[in-house]
Every structure is written in structure tokens, then in C-alpha cells.
């Protein structure tokens, strides 16, 4: 006689039976008065089953019965040593966790190898429509069965399905129990925000997260990912792979100065913020920059002060000297394939207008973006300029030069950008130019964002 | 409608009302109207940049809160349309120019522009100007057909202000003369989540605000805002909206028919609110079913959304758009038990909570966004058959799946 029935109900576990209340404490089970049965978040499915087994409770598992069945096996891909280590490590951690590897190092192959070992239905979540297609193409090389797609106007569910984050958020309350494994590309997006409910609604016991940038240890984002997906099971840094499995990389840091007029405008805009920040720090030295920013924004007249600081940052991000330097570097590297990264869209348009290179921003429509990337791939155009759009989520063709004019999203953005030029090719040597405005906030931002590449990072050349 | 940070309120005797623009604001309103008009022929980006600086200056000159100036600028700039100022499609201009610029080993900007201009049959300066002419901020501002007067500007602001407040409401209660019962029909046909009570003298319409639901809040907020003009011109009206405007502080905003927003804006033309395309499609199908114009005059409030007639057979159609599980249950329970059978049509794409339709609710024709005429009539046929077969138990056990366009099935859920 079964004393527990485990079923899936609108994105949660429905637990019926005498054992539901007494034996399942500590795995998130609560009594739902509205429906008169016990519920638990769907992602606790594995814990509930393990608890039932440990307590020798006889149970009926409706979820296991309703999981999709793979009609064909996934062929395991050949792996490099560090990829094989990642797969082993994932198994060692109980097949739940996050694999951190740089862009271009073959995260997708690692995922395919783990899928092949798991031999169960798999749901792959991706952040963008571009990655939807990219993943399908890769999966087709290892899997002969039908591949489902949910997103970008298509709804086709199969035992191996690729789905956008947005679709997952809207649909996993119905389909969250159909898969034995879930793979989450760019998993760092789930560290906060309501979209992480998608992972809560999925029962898959095998959970793999992929990212190029691990969440900060002991941060709320890291705790959330640890709960929903698992701990970081393997972390490979760019520095570990450069020259072997990734292209050889040289970083050239070019220091530029503001003009007199720019310096005056910079100081005028920054001064009020700087003064109050110093006062705040004198009373509490532990205050971070972000905490100061938030405190000042809440003060009377604080918004204007923060707006001034933003204007100063903008001046430091793209002064005349940087604009001229980008133009010059683009001429020097006309024979190369160059990606130019700016902090904001306006700066990207300025570079595009000066050097007559295509620009991809949030304003660029899908067709034009595809056309630009195709022509870049074919070599008809040699450079693309973009603020954030090329950071991640788009299959950018191979490039060997990156000009980082400025960034606004810190370490994660920087690692993603550098990763864009590291795709390995015989004899390839990648160069990343980092433009830094002297004696401005730009210096601090540059220092902060490159921490993740150090200490075993690539060689750096300084140019003034 | 005005965004949250531009909503202005005022308080008198512990009663909060919208901060309307009236004749006392004439001077600065005229100055702002003149300021915006001066930007015709320039780009949206230039105007935005200039007005960002000009707005605090105008506020200081006239001693007015900058929120009011910004609010009026927000409303006024939207009355001006814009166009792409380029002889050719900028996407084509870009593709040709960037290809030409990449052609040679050495870069000569002027030569690249000249080659692109030759291919596009334009002047090089036009090519340069047209490169990013389709960007929002590069579009050129076009004057409206008739210039906007300061009175019209005030009216437009007042309406946007009230609509913006309703879009930030959790609950709206409208009290009006019983003669205004058609307002209730409009509210129902707008798909709003509402209940109503009343007697011979007064009616009270209680509408859920967008902040009281979990899904489609923006869409529902716009629907509620679009409904508001239906109230204009109704006498003896009192509306109070429970709003969340700033700092998560709830305020009850009072609006009466004596407010400026009622005085200066003409009420909208009377409309049945029925989807005219659906009515035409029903007629075109030639199945014998016809739409009875304006339903049952003797009970205007409870008049169904659509009355279908074929010979002696009459079917009432209730179309439910925005819904929560609770609201759906309430609407179905309120359907008349006697008289012609009622077919409930439910737009599944507008579910405002995550819950499904209650299991014990049958006889619902589900659709997404557009109600298909053929599916509707098939469901009406099945309903009439069911009533004839079992007149005492009416419709129990019938379920129609309108999402697939399949024949209605007799199997219950």
C-alpha cells in the first residue's frame, strides 16, 4: 500500500498520502489549505524522493512515469582533458552544479558529454533566440532524434528540447516534470529576479549550469544558484587555456588623457558626488561604491548629483583621445577581424560614423544584425562596433582583435568580451586593446573589471 | 498616459485629487506649447537634449514644479509625428557604405562615401546624413495637421494624468446615475474585472485595478485607461481610485464630474463595443444565425455581449476577456438561470493569474485573442442541441475547445 503519491501540479510537487506531512520535513513541504494537500517546490523533487527512500516510505511516483523518453542515444563527443575533468567533476558532485569555462572553450561539448551519460530526456534553456538556433545546430551533430524547440514563435516539445528563458518562465508550470535533466546556458542570469521561477518549476534531478563567469562566492546570487542548480563544480580560467586550447592572447593597455575642456567638465560634474562620497566614507569606511551611490541617490537633490556622476563617467568613457585612438587602431588592423566594444550605444554610433564600420546595438533589427554578422564571417567587412549586444547570446564569427573602449558591467562583461577573440585556430594570436583614460573613474573601472583575468592572465603591454 | 514619475496630485481637506491644469496655468502652458512647436523640422534627439536643459529653466521662470513641465512636455511631444529624413532606406545606405569602406587596404573616408553615393545615386553628404537616419533620435519632427493650442494641451494633459493614475490603481470605484448603466456594459466589453450594484437612483461599479492582478498588468492598465473616456460627459459621477503613485504609499484619488478633465474633453461617440469583424464574419458564413442588434433593451445592464438568433432559437454570448479564476467563477454564477441559454467565451490569452479555469466550470468556449466566427456558431449549434435534448439540465457536461477549431466535443473535462 502506498503511503505517498508524488505528482506535478502547476509548477509544484503535489504530495498526497499519510506520509506527506509526517516524514518530509526539511525538504520544503508545506500544507496548502486551498487545495487540501501538501506541496513542495518542483525543484525539490529529488530531495523528496531521496527522503522517501531513506525513510522507507512506499510511494507512487507519477512524475517519473510522465517523463519523456529519448528515442535515440546522444553520441558522446571527444573531449579535451580539461573538458573531461569538468564532466568527471560534475558526476562527483552528484550531477548537480555549475561549470565555469571561458567563451570558446567548448562548454556545449561538455554539456553534450554529460547528456550522453545521463541517458534521459533533456531540456536546454538559453537566454536568446540566436542561441536557440546555435544549440540546435550543435545538438544535431551528436543526436539523430528529433529536437524540440520552444521559443521564437515555435512550440514543439520533444525529449530533447531547447527553450528560451522567457518561454521556460511561461510554460514550465505545465511541462516542468517532463525532463530528467536540465541544462541552463548562461546560468548567471538566474542568480536573481523572477525568471528564476522557471528553475523552481522544473523537477529534473540532473541540473547543469554553464557560464563563463562564476557568481561571486557568498553573494546572494551564488546562494540562489547553489539552491536551484548546484555549487560550482569546475572553474577553468581564461589564463589556464590561453596558448593551448584557446588562442594566444596579448593585452595592450593604452592610456589616454582628457583635453582641458573635458577635464573641466569632468571635474565639474563629478565634484558634488565625490565630496559627499568622501563624507560618507569618513563615517563608515566599509561602504562600497554601490552603497554610496544608493545612499546619495536617496538624499534630497541626490538624483541630480548621481546624474552628474554619470555624465562624468560618460566623459571619461569616450573622450576625444579615445575616439581618435579607435580610429587609428581600426586603420592599423584593416587586415584583421576586429570587434570594438563601447560602454553605450551613442559611442558605438560615433565610432561607426568616423570609421564607417557597421554597428550592432539594441536598435539594430534582427535581419540587419544577421546580415552584418554574415558579411563579417565572409570577410566583406572587417570590423563591427557594439556596446553590449555582442557581449553574450549571439554567435559572433571568429575575430582576432578586440578594442575595448569602455565597459559598464564589470568583470563578467570583460571576460565575455575577451572571450570573443579567443576561439582557437592554428597560428592565431589575439590582441585585446584596452583604452584607459588617465586620472579618471575609468582607471578604477578598468582595474575592477580585469581582476578575473589575473593573476595567471595574459601578458599586458602598457602604452601611453 | 503619463508615467508614474510624472503624475501630480494635490490635497485639500484630506481629499486627494489630480493636479489638473486649468486657466491659472495658461501662461506657462502657452510657453511650453511654443517651445515644443519650435522644434518642428529638427530631430527628436536634438529636441530631447534641448528640452532636458530647458525644462528646469521653464520651471524656474514660471515657479512651477518641474514634474508638471515634464508631464506637459511628455504629452505634447507625442502629438508630433516624425519621419525618416533620407531619400533611400538607411539600411541599404549603411550596407553599401560599409561594404565600400572595407574594400581597399587603405581607408579613405571621403572616397568611400563618394563611391557609396555613386551607387546610391545620392550626394555624399546625403549618404553621410542618411547612415543612421532611421534611429529614433535621428528622425525628423513633423508638425501636426492643426497646431495644438494651449487649451487643447491642457485637456490632453488632464486626460493623460487621469489615465496614468488609473494605470497605477489597485481598485477603482465609480458611482453614477442609474441612467448611466451603459457604462457597465462598456466596462464589461472592455474586458475589465468589475462588479456592479445599484438601485433605481444610483449605480456603483467596482473595477479591479491593474495593481491587483499578477499578470498582464500593463495591458490591463491600458485597457482601464482607454475605458475612462467613456465616463466623460456623464452627470453626477464620482470616481475614487486607490492608487500607488510614489514611495509605495497608497492614496485614494477622488475625481468628480466637476473636474476639469470632464469639462473640456468631448465624450466619445456611442459604440456597441462588439467586434464588427466578428459580426461580419458571422453574417458571411450564411448558417442562418444572425446577430440581433443591441440585444435586450428591457435589461440594459445584463445585456449579453452578443445575441445570436436563428428562427426561434436564441443564444446569448458572454465574452470574458481579462479574468482571474475568482472573477470567472463569479461571472458564470451571475448568468441568468432562465431564458435563452448563454454561451461563455473565454480569452485564454488574458488570464490574470497563473491558475487554470476551475475544474467544475463547463460550457466554456476558449479562444486566444480572436474569436473565430465558425467555431462560435458550431458551439451555438451544439448548445441549442443540448438544450433541446435535455431542457431541464441545460448545459451540464458539454465542453467546447475553441482553441483547436475542432468540432465541439460532448466529453466533459
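Each reported figure results from applying straightforward, stated rules to the coordinates on display, with no laboratory input. These numbers were taken from a predicted model, which means no experiment stands behind them. Note that we place each Cβ from the backbone using ideal geometry, even for glycine, and neighbour counts take in every protein chain shown.
Data overview
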{"read-out": "FRET efficiency, residue B:217 to residue A:257 (Cβ-Cβ, R0 56 Å, nearest 0.05)", "value": "0.70"}
{"read-out": "Share, in percent, of DSSP beta bridges within chain B that are antiparallel, nearest 5", "value": "75"}
{"read-out": "For the stretch A:339-390: rounded, prolate or oblate by the Cα gyration tensor [a/c cutoff 1.5]", "value": "oblate"}
{"read-out": "Averaged over A:354-367, number of beta-carbon atoms from partner chains that fall within 10 Å", "value": "3"}
{"read-out": "Shape box of the stretch B:91-203 [Cα atoms, principal axes, largest first, Å]", "value": "85, 33, 22"}
{"read-out": "Cα gyration tensor, chain A - rounded (a/c under 1.5), prolate or oblate", "value": "prolate"}
{"read-out": "Distance (nanometres) between label positions extended 7 Å along Cα→Cβ at residue B:256 and residue A:346", "value": "4.8"}
{"read-out": "Beta bridge orientation in the stretch A:1-124: antiparallel %, DSSP, nearest 5", "value": "80"}
{"read-out": "Inter-site label distance for residue B:34 and residue B:206 at 7 Å from Cα along Cβ, in nm", "value": "5.2"}
{"read-out": "Order of A:147, A:381 under a 10 Å beta carbon neighbour criterion, fewest first", "value": "A:147, A:381"}
{"read-out": "Most mobile listed residue (B:112, B:225, B:102) in chain B, GNM with C-alpha springs under 10 Å", "value": "B:102"}
{"read-out": "Whole-number D in µm² s⁻¹ for the protein assembly as shown, Kirkwood Cα-pair radius fed into Stokes-Einstein, 10 °C, 1.306 mPa s", "value": "50"}
{"read-out": "Cβ-Cβ FRET estimate between residue A:250 and residue B:108, R0 fixed at 35 Å, reported to 0.05", "value": "0.75"}
{"read-out": "Helix B:26-37 axis, angle to chain B major axis (alpha carbon atoms, nearest 10°)", "value": "70"}
{"read-out": "Of every Cα-Cα pair in the stretch A:81-238, the percent that sits beyond 28 Å", "value": "11"}
{"read-out": "Virtual paramagnetic centre 7 Å along Cα→Cβ of residue B:236, amide N under 17 Å, in the stretch B:169-204", "value": "B:174-184, B:197-204"}
{"read-out": "Relative contact order [Cα under 8 Å, 6+ residues apart], chain A, whole percent", "value": "16"}
{"read-out": "5 Å-binned pair-distance histogram of the stretch A:186-334 (Cα, whole percent)", "value": "2, 7, 11, 10, 9, 12, 15, 15, 11, 6, 2, 0, 0"}
{"read-out": "FRET efficiency for residue A:335 and residue A:363, using Cβ-Cβ distance with R0 set to 25 Å, rounded to 0.05", "value": "0.25"}
{"read-out": "Residue among B:388, B:327, B:236 with the largest mean-square fluctuation in a Gaussian network model of chain B, springs linking Cα atoms under 10 Å", "value": "B:388"}
{"read-out": "Computed over the stretch A:1-134: relative contact order in percent, which uses C-alpha pairs under 8 Å that are six or more apart", "value": "21"}
{"read-out": "Beta bridges by DSSP in the protein assembly as shown, antiparallel share as percent, to the nearest 5", "value": "45"}
{"read-out": "Prolate/oblate/rounded label for chain B (Cα gyration tensor, a/c 1.5)", "value": "oblate"}
{"read-out": "Helix A:45-54 vs. chain A, principal-axis angle (Cα, 0 to 90°, nearest 10)", "value": "40"}
{"read-out": "Tail fraction, Cα-Cα pairs, the stretch A:306-402, threshold 21 Å, whole percent", "value": "31"}
{"read-out": "Helix-only [θ]222 nm of chain B, DSSP H runs n ≥ 4, -39500 (n - 2.57) each, per residue, nearest 500", "value": "-11000 deg cm²/dmol"}
{"read-out": "Residue-averaged 222 nm ellipticity for chain A, from DSSP H runs of 4+ at -39500 (n - 2.57), nearest 500", "value": "-12500 deg cm²/dmol"}
{"read-out": "Whole-number Å³ per residue for the convex hull built on Cα positions in the stretch A:131-179", "value": "70"}
{"read-out": "Shielding by partners - mean other protein chain Cβ count within 10 Å, residues of A:125-136", "value": "0"}
{"read-out": "Spatial extent of the stretch A:81-156: Rg and Dmax, with the Cα atoms as the point set, Å", "value": "13.2, 39"}
